[in-house]
Structures are given as C-alpha cells and as structure tokens.
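A.B. asks: The structure follows.
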Amino acid sequence: MSAPGNEPAAGGGTEPVGAAANGPAAGAGTGLAAGAGGRTGRRAGDSGTREAILAASRKRFAEHGYDGATIRGIAADAGVDPALVHHFYGTKERLFAAAMRLPVVPGELLGAAIAAGPAGPAETLGEHLVRTVLQAWEVHEIRDVFVGLIRSASTSEQATTMLREFVTEAIVGRLSVVARPGGAADPVSARYRASLVASQVVGLAVTRYVLGLEPLAAADVDALVAAVGPTVDRYLTGDLG
C-alpha cells in the first residue's frame, strides 16, 4: 500500500520530538555488519539505498502487516544488510513512520509526553496526553498524513490490519505503562485500559478531523482538553465500573 499524502519524509535539520528519522539512527554505530552468508549489501553512501529500503518496507508492511514485516525481510527485499536498515532508521517503528511519511513517530511522541508528565499541579496526565495529541494534530502536515492513514484503514482490510497492529504496539503498549491504578501490575487490565484511551483518542480524531462534526471540529483545544482529559484519566487509573 502506498503511503498516504505526498509529503516527503522528515529530513535534515532540527527535528521535533518523535520526528521520523531519515539520517542514521541516533546512537547507531558506524560499523555495518555483514548479513548472513557474507553478503555486505550496499554501503551507506550508495545512491538509492534509502529509497530502496523505504520501498521494500512499504511493500512488506502492506502485505504482511506491521507485526509480520521484519527488518530482516525488508533488508532482503531491498538488497541490503539488516544492520544498514538499523543504521538509517534505528527501530521498526521509526522505519514505519518514514515509510508512511509520518512527520512524527507516534510512540516516541507519546513516550516523551508520558516521561515529561503534566505541565503543572493543575494539569492531570489525561489532560496532558490529550493536549499533546491535539497540538500535534493541529499541525497541517501531521494531520493530513494521519487522516490519510485513517481513511485508508476504513476502505482496505490490509490497511486496517497494518494500522491496528501499529497502534497496538506503538500506542497501546506505551499507554499500558501508566494504565495501572495504584501501580497495580496487571498487564491484561493495563492493556484494556490503554485500548480504551486509544478508542477515545482515535474517535476524537475521526470526529474532529475526518468527519468535521460541529461544533466539535471548531472547538478550542483547551475546551477539548478539559472535556476529554478527565475521561482519559478515568480510563487510565479510575473506576471502570
């Protein structure tokens, strides 16, 4: 499946938190190990290497879903060593973001928001998370790509599977860390609570940016944070009834 929109993947210069990487992954070493069988693959400076990796990853993600697509398989299709894919993109999530032309890496954006915590004592974690997501979506380039993914998922079974698996790992997985009332370590309950948060956030995105349902579509971000944040807090740590 082709990536939605025509925006180029995030490139050089200063990147926002969670921006998809096109250069060598942060912290990646300079030595590129040979793949199985002694195959060395293309060197980092070879022309077309990045696009070959991205093209192979788009095909793999479309055909096998997010879970089924492996770095090794993508590297084999692109004719490069798996180490080179890791060198350029670091993780599968960052590779997916670059392949789908996402201006940000959703899981990293969410992870940074969770790590930073609320802006002050008057703000709850739920409000903080809703504000983070809405402020990202208010950026035209980010909103257009995510709306394209959501629309693709509504018309294509392959796109639905790919997006569901990505959201499960990148979003639900990170939310599960904080979806623990009283710090209780119940992974099943945590994932259930995290999926409830995802349903709230994705539903908000669909009604506001895809359907354009008024007056929600024109509502102020602060008003939406105040209205939706407490629900997210309850899903994360409150009484579910």
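The values are calculated or read from the model by the stated rules, or taken from the named source; none is laboratory data. All of these numbers come straight from a predicted model, not from anything done at the bench. Here the Cβ is made from the backbone with ideal geometry for all residues, glycine too, and neighbour counts use every protein chain on show.
A.B. asks: State which residue pairs qualify: first residue closer than 19 Å to Ala116 by Cβ and inside region 175-194, second residue exposed (fewer than 14 other Cβ atoms within 10 Å of the Cβ) and not β-branched (Val, Ile, Thr) in any location, beta carbons under 8 Å apart, and separation of 6 or more residues or different chains.
C.D. replies: Ser176/Pro187; Arg180/Asp186
A.B. asks: With respect to Ala62, is the statement that it is touching a Phe, Trp or Tyr at 6+ places or on another chain (Cβ under 6 Å) and outside the structural domain of Arg208 (by TED's automatic domain parsing) true?
C.D. replies: no
A.B. asks: Report, by residue number, each residue of region 116-131 that is of a type in the set (Gly, Ala, Ser) and more than 13 Å from Tyr235 (Cα to Cα).
C.D. replies: Matches in region 116-131: Ala116, Gly117, Ala119, Gly120, Ala122.
A.B. asks: Go through region 112-146 and count every residue that is in contact with a Phe, Trp or Tyr (Cβ under 6 Å, 6 or more places away or on another chain) and of a type in the set (S, T, N, Q).
C.D. replies: The number of residues fulfilling the criteria is 0.
For every residue, the table says whether it meets (1) exposed (fewer than 15 other Cβ atoms within 10 Å of the Cβ); (2) modelled with pLDDT under 90; (3) in contact with a Phe, Trp or Tyr (Cβ under 6 Å, 6 or more places away or on another chain).
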position	(1), (2), (3)
Gly148	no, yes, no
Ala153	no, yes, no
Ser156	yes, yes, no
Thr161	no, no, no
Val177	yes, no, no
Ala185	yes, yes, no
Tyr192	no, no, no
Ser199	yes, no, no
Gly212	yes, no, no
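A.B. asks: Related question: Suppose we filter Ala62, Ala56, Ala98 for residues that are outside any loop (DSSP other than H, G, I, E, B) and at pLDDT 95 or above; which single one remains?
C.D. replies: Only one candidate passes the filter, namely Ala56.
A.B. asks: Could you grab me the full set of residues in region 61-79 that are surrounded by fewer than 18 Cβ atoms within 10 Å (Cβ to Cβ) and within 21 Å of Glu157 (Cα to Cα)?
C.D. replies: Across region 61-79, the qualifying residues are Glu63, His64, Asp67, Gly68, Thr70.
A.B. asks: Okay, next question. Got a sec? Which of Gln158, Gln200 is among the polar types (S, T, N, Q) and more than 23 Å from Gly117 (Cβ to Cβ)?
C.D. replies: The match here is Gln158.
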